[in-house]
Amino acid sequence: MPKEFHRSRRVEEQIQRLLAELLRREVKDPRVGSVTITAVEVSRDLSHAKVFFLPFDTARPVEQVSAALASASGFLRLHLRKLLKMRQAPELHFVLDETIDKAAHLSSLINAAVASDVARHVDDPEPAEPAESAATPEKPAP
């Protein structure tokens with residue numbers, strides 16, 4: 001089992017906070033719009049960072065937002081290096097976060113399964129007999 005790196009986790013959390021602030025205050029590209037940084041994963045050697053994002057504005061194409069973030073990555077990396085006081089900031093790779101879509105899909109599958117169970121129960125007029133009453137023999141009356 002690989003040893004867990006606490007420094008990497010601290011750097012991930014700090015990068016997430018700083019990127020959110022930099023995107024809100026410093027990036028002037030209108031293609032970016034409002035973006036939420038949901039997570040950051042850094043490599044063990046801190047040379048690469050995968051930044052997961054979600055755009056708020058659904059009218060903008062995701063490809064456009066992703067391209068804008070990629071073009072701003074050098075600017076963001078420079079500011080991160082200064083703010084984190086690191087010799088070299090990680091190279092930023094922006095990735096669309098699909099966990100919310102996946103969670104919504106799983107939720108809809110669960111709801112469909114529950115609805116089909118309820119429909120099957122309504123169609124079955126005779127309820128199943130509990131297993132306990134069938135397994136216990138009746139005691140004769142004294």
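No value in this document is a laboratory result; all are computed from the given coordinates. This one's a predicted model, so the numbers in the text were calculated from it and none came from an experiment. Cβ coordinates were reconstructed from backbone atoms using ideal geometry, including for glycine residues, and neighbour counts include every protein chain displayed.
Panel order for GLU63, GLU91, by other beta carbons found within 10 Å of each beta carbon, from fewest to most: GLU63, GLU91.
Using the Cβ of LYS50 as centre and a radius below 12 Å, the other residues enclosed give a net charge of -4, where K and R count +1 and D and E count -1. Expressed to the nearest 5 percent, the antiparallel share of DSSP beta bridges inside segment 6-100 is 55 percent.
Residues whose amide H falls under 5 Å from that of PHE94, counting only those 5 or more places apart or on a different chain, are VAL51, with hydrogens built in the peptide plane. The fewest-to-most ranking of PHE94, PHE56 by surrounding Cβ atoms within 10 Å reads PHE56, PHE94.
Considering only the Cα atoms of segment 6-100, their convex hull presents on average a projected area of 5.8 nm². Taking other Cβ atoms within 10 Å as a rough exposure proxy, ILE37, ILE100 sort from fewest to most as ILE100, ILE37.
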